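The values are calculated or read from the model by the stated rules, or taken from the named source; none is laboratory data. Since the model is a prediction, treat every value here as computed from it, not as a measurement. Using ideal geometry, Cβ is built from the backbone for each residue, glycine included, and neighbour counts are taken over all protein chains shown.
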Amino acid sequence: MQVHSVTVDVGGRPLTIETGKYAKQAAGSVVVRQGDSSVLLTCVAGTTPARFDFLPLTVEYMDRTGGYGKIPGSFPKREGRSNEREILTARIIDRPIRPLFPKTWRYETQIIATVLSFDTDNDTDVLSVCGAAAAAHISDVPLKQPAAAVRVARHAGILIVNPTRVQMDEADLNIVVAGTADAVCMVEGGGKEVSEAVMLDAMDLAHAVIKDICAAIDRLRELTGSVAKRPIPEAPKSDEGTVAKVKASYADAVKAALAVRGKHERHDALNAVKAQAVAAVTAGIEDAAAVAAATNAANETVDKLLKAAMRGQVIGQGVRIDGRATDEIRGIWCEVGVSARAHGSAMFTRGETQCFATIALGVEDDAQRIDYAGTTSMFRRWMLQYNFPPFCTGEASPMRGPKRREIGHGALAHRAIQNVLPTTEQFPYVIRSSADVLESNGSSSMATVCASTLALLDAGVPMKAPVAGIAMGLIKEGDEFAVLSDILGDEDHLGDMDFKVTGTTAGITAFQMDTKISGVSREIMNRALMQAREGRLHILAEMGKTIAAPRAELSPWAPRITTIQIKTEKIKDVIGPGGKVIRGLQDKTGCKITVHDDGKIDVASNDSAKSAAAIAMLREITAEAEIGKLYVGVVKRITDFGAFVEIFPGTDGLVHISHLAKERVNKVTDVVSEGDEVLVRVIDIDRTGKIRLSRKEALED
């Protein structure tokens, strides 16, 4: 067993990548450690080319609860399907690694991250990216170059690499940055309205550390003996005559089809050009194999003509597919109050992208329980779910559970709005946004941010500020480049970068970037961020024409939450034995009553009379006797020396026989009987809480 390892300082703590000890039958396997967190990364590729015309790469990330000393809470007591954190982490691993594979690689490739140990101060997501690149780099898979990732947070005004959990929780910026030694190629994260300059500085700091990690991965490959890489498969060669014929005959037709403005109309025009080209090059050919080869050559050539025409038009003329300038935003229209019974609702349309969002307000019990690695059971009070039905792109396909893409887009939109929502003290509601994409032609996730913001304002949620999002693209040819605002789906497909920025007028709240090239320079990123800011402000202004501030009143269908404060020692009286008292209150009033550990009680109902009744009952249960105050009580028990009178439910005091009446009393029963209602005054409360009452003084008063 030959063990090799490399170590690099990251954030003031050693990050170690080791190989040769575990999972040696994988083509490449490493263990990445920082602090007490460690992850096993393996890379394996098939030996037979798959029948796909794309890279067959799958990435899986698995938190093992045993790695942080916990038994799964599910009924089978074992890990099940990937949860949201695992899906999002797998996407973070996949996105910077995928562009580093050769375009012609068609062998099924699988990268698996298995958490061995987890400590809260060293998150395993960025470690997994470094390990995935290292496992692939030391294997026989022809990865172009290694990649790495770090997290950057700004805590107390200082940018920190791979911060601790406390620093992350208190930070106003928290992003994951991945890249190669050459450039940054992926960013994911958000902030509390941070500036574009701060975002750029964070990316620069991250890239400096990424270079060191990539150099360490290169050293690890050298230590392992530099396993021979498999040869890069050559792309199938098309018949030069066929290609030349299509180029000569259909270049102008492709440009004409590209000029068609509508998405589906443009696709129909391009498909018609392909059909004409295929018919021309296959005419007179009888051999089936030759027909298939000519058909593929014609289709691929038309696709290349399309890409070249689109990119050349943008770089050379500054004109995009739909005729817009590079910084122009598509037409926007908005509508609120779309759903009569939702607590808030909105429709946001930008060009051929449309999203419908509803808001539901709930009480504490409606919060989502989160039980991820490194967390105790916590509850999410703000939820956003993104749905992408097939009809939004004019397709018919099976409706199943949310795919990884939907989980990722929903998480981005969720993060975009989270930091501008009110605190629990300001607005004691659980909030859920359900966003359905009704049309899609570029950046449905950003439309989701806009639609959800409008719906929140319609619901009367006191947001700090409205949030809008915009998707940006890049066309780069040599040293020339063009940044595109509000990209179309085709521009995303044919371009070099896709990055999304959300924020308020004050700054950025969420950021996500992916590239198809090796990376982007600071100059390009600065241009893109500034152009994105202009676009974001434009979109916010358009949204403000429909609704600019939260409604003053909640929907009549929304629950009204009234909060009262009681002493913590009275909580047991409200709950009652086995919850009997609080259940009885809820059954009698129809209100939802939530008791907090600090003595706050939330009473929720959309009927003010019911809320008032519930609050009155709670006040009665939790009321405390005051010396000198009069009360009407019920005689509960009679003794020789006096009567015990209940002045509140569960609270009674003694009326001594000498205080029953003005005149002398021989027997208690001469004055009162059990069940009688009597007026009494509190005359004393001793240190143990025992209450002395007087009927005589009450009558005198």
inquiry  = From the list Ile213, Ile175, Ile217, exactly one residue is in a strand (DSSP E or B), touching a residue at least 24 places away in the same chain (Cβ under 8 Å) and in the same structural domain as Phe101 (by TED's automatic domain parsing). Which is it?
reply    = Ile175
task = Scan region 167-201 for residues that are in contact with a Lys or Arg (Cβ under 8 Å, 6 or more places away or on another chain), under 15 Å from Gly503 (Cβ atoms) and small (Gly, Ala, Ser) and jot them down.
result = Gly189, Gly190, Gly191
remark   = Selection over region 648-686 where residues are touching a Ser or Thr at 6+ places or on another chain (Cβ under 7 Å) and basic (Lys, Arg) yields a count of 1
request  = Being closer than 24 Å to Glu620 by Cα, out of contact with any strand residue (DSSP E or B) (no Cβ under 6 Å at 6 or more places or on another chain) and not in a loop (DSSP other than H, G, I, E, B) is the filter here, so list the residues in region 683-701 that pass it.
outcome  = Leu699
ask   = Of Arg350, Arg400, Arg381, which residue is in contact (Cβ under 8 Å) with a residue 60 or more places away in the chain and among the basic types (Lys, Arg)?
value = Arg350
task = Give region 484-504 a look and list any residue that's part of a strand (DSSP E or B) and either at positive phi or surrounded by 23 or more Cβ atoms within 10 Å (Cβ to Cβ) (or both), or say none.
result = Leu484, Ser485, Met497, Phe499, Lys500, Val501, Thr502, Gly503
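Every residue, every condition in (1) buried (at least 21 other Cβ atoms within 10 Å of the Cβ); (2) at pLDDT 90 or above; (3) in contact with a Cys (Cβ under 6 Å, 6 or more places away or on another chain), yes or no:
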| residue | (1), (2), (3) |
| --- | --- |
| Ile285 | no, no, no |
| Asn296 | no, no, no |
| Ile321 | yes, no, no |
| Gly337 | no, yes, no |
| Ala342 | yes, yes, no |
| Leu361 | yes, yes, no |
query = Do we find a residue being in contact (Cβ under 8 Å) with a residue 60 or more places away in the chain, assigned to a loop (DSSP other than H, G, I, E, B) and among the small types (Gly, Ala, Ser) anywhere in region 406-413?
reply = no
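Condition check ((1) touching a Ser or Thr at 6+ places or on another chain (Cβ under 8 Å); (2) surrounded by 19 or more Cβ atoms within 10 Å (Cβ to Cβ); (3) assigned to a helix (DSSP H, G or I); (4) in contact (Cβ under 8 Å) with a residue 24 or more places away in the chain) across all residues:
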| residue | (1), (2), (3), (4) |
| --- | --- |
| Gly241 | no, no, yes, no |
| Ala244 | no, no, yes, no |
| Ala292 | no, no, yes, no |
| Val302 | no, yes, yes, yes |
| Lys307 | no, no, yes, yes |
request  = Return the total of residues in region 528-570 being within 30 Å of Ala609 (Cα to Cα), touching a Ser or Thr at 6+ places or on another chain (Cβ under 9 Å) and surrounded by 13 or more Cβ atoms within 10 Å (Cβ to Cβ).
outcome  = 7
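Would you pick out the residues in region 556-570 that are under 21 Å from Ser605 (Cβ atoms) and free of Cβ contacts under 8 Å to residues at least 40 places away in the same chain? Please lay out each step first, then the result.
Initially, region 556-570 is screened for residues under 21 Å from Ser605 (Cβ atoms), giving 556-566.
Of everything in region 556-570, just one residue is under 21 Å from Ser605 (Cβ atoms) and free of Cβ contacts under 8 Å to residues at least 40 places away in the same chain, namely Gln565.
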key: Breaking point among (1) out of contact with any Gly (no Cβ under 8 Å at 6 or more places or on another chain); (2) at pLDDT below 90; (3) of a type outside the set (Phe, Trp, Tyr), for Asp652   = (1)
query = Within the bounds of region 47-60, is there any residue that is closer than 30 Å to Met378 by Cα, part of a loop (DSSP other than H, G, I, E, B) and touching an Asp or Glu at 6+ places or on another chain (Cβ under 7 Å)?
reply = no
request  = Please find, within region 440-487, the residue that is modelled with the highest pLDDT out of those that are of a type in the set (D, E, K, R) and over 23 Å from Lys192 (Cβ atoms).
outcome  = Asp458
Flag if Ala153 is outside any helix (DSSP H, G or I) and either more than 25 Å from Glu60 (Cα to Cα) or not aliphatic (A, V, I, L, M) (or both) = yes
query = Of all residues in region 207-236, which are under 19 Å from Phe101 (Cα atoms), among the acidic types (Asp, Glu) and at pLDDT 95 or above?
reply = Asp218
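Given the options Arg95, Arg85, Arg91, name the one that is farther than 18 Å from Ala133 by Cβ and among the charged types (D, E, K, R).
Answer to the check: Arg85.
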key: Residues being over 16 Å from Ser694 (Cβ atoms) and either assigned by TED's automatic domain parsing to the domain that holds Glu569 or among the aromatic types (Phe, Trp, Tyr) (or both) - total across region 635-669   = 1
request  = Please indicate, with yes or no, whether at least one residue in region 20-28 is outside any loop (DSSP other than H, G, I, E, B), surrounded by 15 or more Cβ atoms within 10 Å (Cβ to Cβ) and modelled with pLDDT of 95 or more.
outcome  = yes
task = Provide a single number: the residues in region 144-155 that are closer than 18 Å to Gly190 by Cβ and surrounded by fewer than 21 Cβ atoms within 10 Å (Cβ to Cβ).
result = 1
key: Matching residues in region 598-642 - criterion: being surrounded by 20 or more Cβ atoms within 10 Å (Cβ to Cβ) and in contact with a His (Cβ under 8 Å, 6 or more places away or on another chain)   = Asp602, Gly642
